[in-house]
Amino acid sequence: MQWTKKDLLCLYDLSAEEIEFILDTAAEFKKVSERRVKKVPALRGKTVVNLFVEPSTRTRVSFELAEQRLSADIVNMQAQSSSLLKGETLLDTVRNIEALQVDLVVMRHSAPGAQAFIARNLKCGVVNAGDGAHSHPTQALLDIFTVREKKGRIAGLKVAIIGDILHSRVARSNIWGLLKLGAQVTVAGPATLVPREFEEIGVRVCHNLREAVADADVVNLLRIQHERQTAGFFPSTGEYARFFGINDETLKYMKPDVLIMHPGPINRGVELTGDVADGEHSVILEQVTNGLAIRMAVLYLVAGCVKK
Amino acid sequence: MSEYILKNARVIDPGRNVDSIGDIGVRDGVIEAPEKLHSPEVIDLSGKVLSPGFIDLHVHLRQPGNTQAETIATGTAAAAAGGFTSIVAMPNTTPAADNAGAIEFLRQNAAAQGVVHVLPCGNMTKEGKGQEMSGIGSLKSAGVVALSDDGRCIQDHALMRHVVEYAKSFELPILDHCEDNQLAAGGVMHEGKWSVLLGMRGISGASEELMIARNIILARQIDWQIHMQHVSVRESVKLLRAARAEGIRVTGEATPHHIALTDECIKRYDTNYKMNPPLRSESDRQAVIEGLADGTLTAIATDHAPHTRTAKEVEFDSAPCGIIGLETALPVSYTILVKGGVLTLPQLIRLFTAGPAEILRFKNYDLAVGSVADITVIDPEACWTVDKNTFRSKSRNTPFHGMSVQCRPVLTMVAGKIVHREF
Amino acid sequence: MTLRKQLYSAAEMEEAIARMANAVAAAFPHPGAECALVGIHQLGVPLAERLRDAIRGITGQAPEFGKLDISMYRDDIGNRNPLPLIRETEIDFDVNDRIIILVDDVLSSGRTIRAALDALTDYGRPRMIRLAVLVDRGEPEYPIRADFVGFTSSLPADRKVAVSFGGDELAPGIYEVDWKK
């Protein structure tokens, strides 16, 4: 098959074949970062704008490095320094960017659907780096890539996602990708943060950690955000850690070859203890490495579809 | 001095329980027996259906304050094209219609520029802020037909109680936008499976249910009319059904979009599907339809809410709520309800005529000789495709563009003057 | 693709590969120590495997072996067709100071080889790079010359030469086909 989409917005829109295509492409790009010259000319002469209306450090750096290793020219724009603050609409901002003849826009925004909205209105390609609580496709792709590398497959694996599912774009994207590739997905966390509606798409929902992770091949831990505590969703991070945190005790009833994952940045002592984060089950740092490969693959593929 | 004979129409007049082929005569803006006319223009309406003029209880004319989106002139033109002869103008203009001067402005402008009857509605509270009662007596003298804070809902129950008691003494019905602000929690779409899958903040159905329950209690205690605008949730319909069975004076309306669409539409992030109350689940949609079929809900009202393209062409979270509806109300309702086999045509026509008239406390809203000649003629067999570029409204924010529909308003007559005619 | 006619049989192909292997062995008597064959995806890879086996048969030594996908080095990303899947690049030996023999099935425009040269030099600094192709169509668009050639072909530019080692739509052999629309 061939890649035919000019945008990457949400894993919901991709077929299983398309997801595998990205993973196979990323496998080759991973090798680029392992050799002497960590760069290929694939996007030479192409301009990529990183428009981070919702701020980010880690994802933006990962995208920037991916773009540099593809030899692209990069422009960084963040909300604080952009005209959005002056009252320009998002669409006008992006149209102005497009008028500078850029090839790709990598965008993060706090409103779900913002990237889908601008992608409909632009000729250049759009890569979604996160839109509110809706979607973070490259994160899910790198998570799935990491699992596939370690376990050799996705189909039939049991994956548990733990934490604030309600507000998590990482959870949603992982759920779509994993279901498409045939994994069995469980979500777990405090009842206020894990909506039952996910059962309607075939995900198991539970509010008990042991039940969720006892037979899991992969456990993906989401970052718990302080704002949720102040908004009344759960009483304290201490209580969260006690009932949903992974520590050496919980490892005892988990599978001996379980993978522990986390999109980062980790809160040591909350979602997981320091020992678990640094321990033999953790692939958290490999996720970061794989993230670079995935983003190189995604940028390469969508750039190939943007016709001049 | 115009005279017309409207011949051979299927006359459906819910006010007098009439459904038969006949002729209607009009002279000097009033219904007259055809044989008494001297030199009438004869219009043959074979194959068409004629009824009393449609009334829309819920229209935002946007003037004063947002004339880029709509004016009284363009809004009433849209109403005429949609088959409406009377519209109730919501008071959330800028400045708000919370005083006699604002109502007077509306009446004068409507008299000069409007082509259908514009029935003013005044705010229950000053500026619709839900804090201090507005001058309800003065509003009545200025000519309002009802009171509403539409767009918002009085959260303070004690204040709402006073408003209802006071309104009763002036015989003004209350039209309430039922929403509990805390349960609505800043959401942008219905709280349900789709808001969870799309990662959007949801507006719980409980927010509407709670205020409907509040209003039922007050209507019962005070024995006055409270009408629930844009009912959208299954449990709301249930509450109304039970309350009406007890004889409590509560009524409800449904919009064409709540009859036709659900929250799944929002997965495309098209802001033409964003309104308040939001599109709900399929189960809620079915319950609203059942409510219209069994007489729990007695009116269809559009909540016509124009917005400029610029205002709506933003990310979903930031978009203003509301869609236009005057020119699609009849075809969409007919297609879903009559063509869909849920209602007969006379039942549908009642929802646009006798139903709203009763809510507004009009006596004898029908085509008896001597009545004002407000007439709507429709072609129930016409099949066509909605094209928003032909709308008379200034705005284009509709989700129905491109929809295949059946039934078309072909002639609208307001006080004996033809304001819309397609043949 | 539509087959027009067969140009060479499988037996003629085997013979040509043997001739090329002899030429390589003559030029580089110690291929195991000095040389590396790098096959360019897709058909350069099976061709390079057969060359390697033939060279081993002649000299008793097999040169180092690698595979190269040049997709990341193409100069036409976004201008032409949708991108196909990138195949595996494997250069496990040290490129520095080695004699690299790039292997591809057909030399036509020379742009693939140009990309391969860029890719290869990102792995290190070879002593020398040579090119082995099964079919040289002559008149490349870039100044690229093949050093070890199986067949020359003077078909006009609107005809495509397709090589097959079996395992696809065609039996092993070399064919003239129409360009896929």
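The values are calculated or read from the model by the stated rules, or taken from the named source; none is laboratory data. Since we're looking at a predicted model, the values are computed, not measured. Ideal geometry is used to build each Cβ from the backbone, glycine not excepted, and the neighbour counts take in all protein chains shown.
Miscellaneous remarks
- A:Thr186 vs. criteria in contact with a Lys or Arg (Cβ under 6 Å, 6 or more places away or on another chain), outside the structural domain of A:Thr89 (by TED's automatic domain parsing) and outside any helix (DSSP H, G or I): yes
- Residues that are within 14 Å of chain C (Cβ to nearest Cβ), part of a loop (DSSP other than H, G, I, E, B) and either under 14 Å from the mean Cα position of the chain (by Cα) or not charged (D, E, K, R) (or both) within the range A:275-308 comprise A:Gly304, A:Cys305, A:Val306, listed in sequence order.
- Which listed residue is modelled with pLDDT of 95 or more, more than 14 Å from chain A (Cβ to nearest Cβ), farther than 22 Å from B:Ala301 by Cα and in contact with a strand residue (DSSP E or B) (Cβ under 8 Å, 6 or more places away or on another chain), from B:Leu218, B:Leu240: B:Leu218
- Of residues in the range A:35-49 being more than 11 Å from every other protein chain (Cβ to nearest Cβ) and surrounded by fewer than 23 Cβ atoms within 10 Å (Cβ to Cβ), the one farthest from A:Thr93 (Cα to Cα): A:Thr47
- Strands (runs of 3 or more DSSP E) wholly inside the range C:63-181 that include at least 2 residues being under 13 Å from the mean Cα position of the chain (by Cα): C:64-68, C:99-107, C:128-136, C:148-152, C:159-164
- Pairs, first at the interface with chain A (Cβ under 10 Å from one of its Cβ atoms) and in a loop (DSSP other than H, G, I, E, B) in the range B:197-208, second crowded, with 20+ Cβ neighbours inside 10 Å and among the aliphatic types (A, V, I, L, M), C-beta under 6 Å, six or more apart: B:Gly199/A:Ala133; B:Met200/B:Val188; B:Met200/B:Met189; B:Arg201/B:Val188
- Each residue in the range B:143-202 was checked for being hydroxyl-bearing (Ser, Thr, Tyr) and farther than 23 Å from B:Glu358 by Cβ, and 1 pass.
- Tally, over the range B:1-47, of residues that are surrounded by fewer than 18 Cβ atoms within 10 Å (Cβ to Cβ) and part of a helix (DSSP H, G or I): 3
- Selection count where residues are in contact (Cβ under 8 Å) with a residue 24 or more places away in the chain, within 11 Å of another protein chain (Cβ to nearest Cβ) and part of a loop (DSSP other than H, G, I, E, B), scope the range A:95-111: 2
- Just one of the numbered conditions (1) surrounded by fewer than 21 Cβ atoms within 10 Å (Cβ to Cβ); (2) modelled with pLDDT of 95 or more is not true of B:Asn364: (2).
- Of the candidates B:Arg244, B:Arg285, the single residue that is part of a helix (DSSP H, G or I), in the same structural domain as B:Ala305 (by TED's automatic domain parsing), out of contact with any Leu (no Cβ under 7 Å at 6 or more places or on another chain) and farther than 21 Å from B:Ala184 by Cβ is B:Arg244.
- A residue that is farther than 13 Å from A:Arg108 by Cβ, more than 14 Å from chain C (Cβ to nearest Cβ) and assigned to a helix (DSSP H, G or I) can be found somewhere in the range A:1-12.
- Verdict on B:Gly65 being in the same structural domain as B:Ile323 (by TED's automatic domain parsing), at positive phi and not polar (S, T, N, Q): yes
- Only one of B:Ala185, B:Ala158, B:Ala242, B:Ala167 that is of a type outside the set (Asp, Glu), farther than 26 Å from B:Arg285 by Cα and surrounded by fewer than 20 Cβ atoms within 10 Å (Cβ to Cβ): B:Ala158
- Residues (in contact with a Leu (Cβ under 7 Å, 6 or more places away or on another chain) and away from chain C (no Cβ under 14 Å)) located in the range A:50-68: A:Val53, A:Ser62, A:Leu65
- Scanning the range A:159-169 for residues that are in contact with a Leu (Cβ under 6 Å, 6 or more places away or on another chain) and either more than 13 Å from every other protein chain (Cβ to nearest Cβ) or under 16 Å from A:Ile19 (Cβ atoms) (or both) gives A:Val159, A:Ile162, A:Gly163.
- B:Val237 assigned by TED's automatic domain parsing to the domain that holds B:Asp149 and not in a loop (DSSP other than H, G, I, E, B): yes
- C:Val38 vs. criteria buried (at least 21 other Cβ atoms within 10 Å of the Cβ), in contact with a Cys (Cβ under 9 Å, 6 or more places away or on another chain), touching a residue at least 40 places away in the same chain (Cβ under 8 Å) and under 30 Å from C:Pro156 (Cα atoms): no
- Residue count for the range C:66-83 satisfying the condition of being surrounded by 16 or more Cβ atoms within 10 Å (Cβ to Cβ), facing another protein chain (nearest Cβ under 9 Å) and not polar (S, T, N, Q): 7.
- In the range C:6-43, the qualifying residues are those that are part of a strand (DSSP E or B) and more than 19 Å from C:Ser108 (Cα to Cα), and the one that is nearest to the chain's Cα centre (by Cα) is C:Leu37.
- Candidates A:Ala16, A:Ala27 - the one that is more than 9 Å from chain C (Cβ to nearest Cβ) and either of a type in the set (S, T, N, Q) or under 25 Å from A:Val170 (Cβ atoms) (or both): A:Ala16
- Filter result for C:Asp118 (in contact with a helix residue (DSSP H, G or I) (Cβ under 9 Å, 6 or more places away or on another chain) and under 15 Å from C:Val24 (Cβ atoms)): no
- Test for B:Ala80: is it in a helix (DSSP H, G or I) and in contact with a strand residue (DSSP E or B) (Cβ under 8 Å, 6 or more places away or on another chain): yes
- One residue stands out in the range A:121-158 among those that are under 23 Å from A:Val258 (Cα atoms) and among the hydroxyl-bearing types (Ser, Thr, Tyr): the one that is nearest to the other protein chains (Cβ to nearest Cβ), namely A:Thr138.
- Residue that is farthest from the other protein chains (Cβ to nearest Cβ), among those in the range B:171-182 that are surrounded by fewer than 23 Cβ atoms within 10 Å (Cβ to Cβ) and either among the acidic types (Asp, Glu) or farther than 24 Å from B:His60 by Cβ (or both): B:Glu171
- Filter result for the condition that a residue is touching a helix residue (DSSP H, G or I) at 6+ places or on another chain (Cβ under 9 Å) and either of a type in the set (Gly, Ala, Ser) or closer than 14 Å to C:Thr112 by Cα (or both), over C:Arg74, C:Arg50, C:Arg56: C:Arg74
- Candidates B:Ile259, B:Ile266, filtered to the one that is within 28 Å of B:Leu61 (Cβ to Cβ) and touching a strand residue (DSSP E or B) at 6+ places or on another chain (Cβ under 6 Å): B:Ile266
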